[in-house]
1. Please determine whether any residue of the stretch 37-52 is closer than 19 Å to residue 6 by Cβ and loosely packed, with under 14 Cβ neighbours inside 10 Å.
2. Within the stretch 38-46, identify whether any single residue is part of a helix (DSSP H, G or I), modelled with pLDDT of 90 or more and touching a strand residue (DSSP E or B) at 6+ places or on another chain (Cβ under 7 Å), and answer yes or no.
3. Filter the stretch 9-27 down to residues that are buried (at least 16 other Cβ atoms within 10 Å of the Cβ) and out of contact with any strand residue (DSSP E or B) (no Cβ under 8 Å at 6 or more places or on another chain) and give me whichever is nearest to residue 78 (Cα to Cα).
């Protein structure tokens with residue numbers, strides 16, 4: 001995965017509602033319709049359509065027409081590529097115990113590494 005692709009995905013996920021939508025779609029890997037998403041998350045259809053378009057453009061989901069319905073599915077390979085990208089670029093992986101540690105040490109009021 002290239003940095004520009006990762007940036008586009010991060011931009012798409014920069015909105016909480018899209019996280020909820022993507023999470024729901026991932027839980028329904030066989031596919032879910034916009035109507036079902038609306039019923040689960042209570043997002044108005046025009047707003048849902050906008051967010052689905054953003055997730056599609058980032059290639060986090062795909063859409064397929066089934067008769068008169070649209071069915072959204074996760075793009076698992078893109079999500080896996082993003083995870084690999086993040087691990088490769090922002091963590092060190094200890095081979096002996098396969099634990100992931102952040103490359104950057106930081107301090108803040110919530111967590112200290």
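The values are calculated or read from the model by the stated rules, or taken from the named source; none is laboratory data. Because the structure is a prediction, the values reported are computed rather than measured. Cβ atoms come from the backbone with ideal geometry, glycine included; neighbour counts cover every protein chain shown.
1. no
2. Scanning the stretch 38-46 turns up no residue that is part of a helix (DSSP H, G or I), modelled with pLDDT of 90 or more and touching a strand residue (DSSP E or B) at 6+ places or on another chain (Cβ under 7 Å).
3. Once the filter is applied, the top-ranked residue is 9.
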